[in-house]
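Notes for the one structure printed next.
Read-outs throughout are calculated quantities, based only on the coordinates presented, and are distinct from any laboratory measurement. Remember, predicted model here, so these are calculated numbers, not experimental data. Note: ideal-geometry Cβ built from the backbone for every residue, glycine included; neighbour counts use all protein chains shown.
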């Protein structure tokens, strides 16, 4: 039976305040992706299909992983991340809620923002919460219809949405899942009966050693 392995991109520009500035891997992000590629080579992991979003950080991660050595990389915009900074700046302009300044602020900010987005309390977003949810699951179901194990290089919010759909999570649990997802972590969807189930979450075997603990990043 086929599986879908989801990879979050490497660490991006952590000082960014907008979508374009964020969308570029840091030096550490490139190293994380290289180590992941080495791990896949060492373990003999095989993928017959490879997909990624169209964002720079997705393509850069796939390149550093050498994902093209498994199969031709298919870029699909449906695998792109929700636009956190776009939504956050709308919240700032419309409701005066400032962007989080540190990880501690982010922990309370993320569920608040996602709840407002889902409830339609952010005016004129680039897409609705429901549109994000439906395009993500549509892309995953399309990939699931193909033959052979697949690799998908994408973002934490999209992986979190897969968990939301597969495990019927509410928006608070969805936001907590998103915040837990580490850079270049591996996640796996597997069809069990009629449903896609999450059978692996947040695996980082390529970083799980003392000399690489510094590279275990969330932001």
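Things to note:
- Anisotropy class of the range 52-142 from Cα gyration tensor, a/c 1.5 cut: prolate
- Ascending count of other beta-carbon atoms within 10 Å, so fewest first, for 153, 50: 50, 153
- A Förster radius of 22 Å, combined with the Cβ-Cβ distance separating residue 38 from residue 68, puts the computed FRET efficiency at roughly 0.90.
- Order of 187, 218, 70 - criterion: other Cβ atoms within 10 Å of each residue's Cβ, fewest first: 218, 70, 187
- Global geometry of the range 154-219, whether rounded, prolate or oblate, following the gyration tensor of its Cα atoms and the 1.5 cut on a/c: oblate
- Centre-to-centre separation between the Cα atoms of the range 135-170 and those of the range 106-134: 19 Å.
- DSSP bridge pairs, the range 5-158: antiparallel proportion in percent, nearest 5: 10
- The chain - percent relative contact order, Cα under 8 Å, separation 6 or more: 31
- For the range 183-211 versus the range 14-38, the inter-centroid distance based on Cα atoms is 20 Å.
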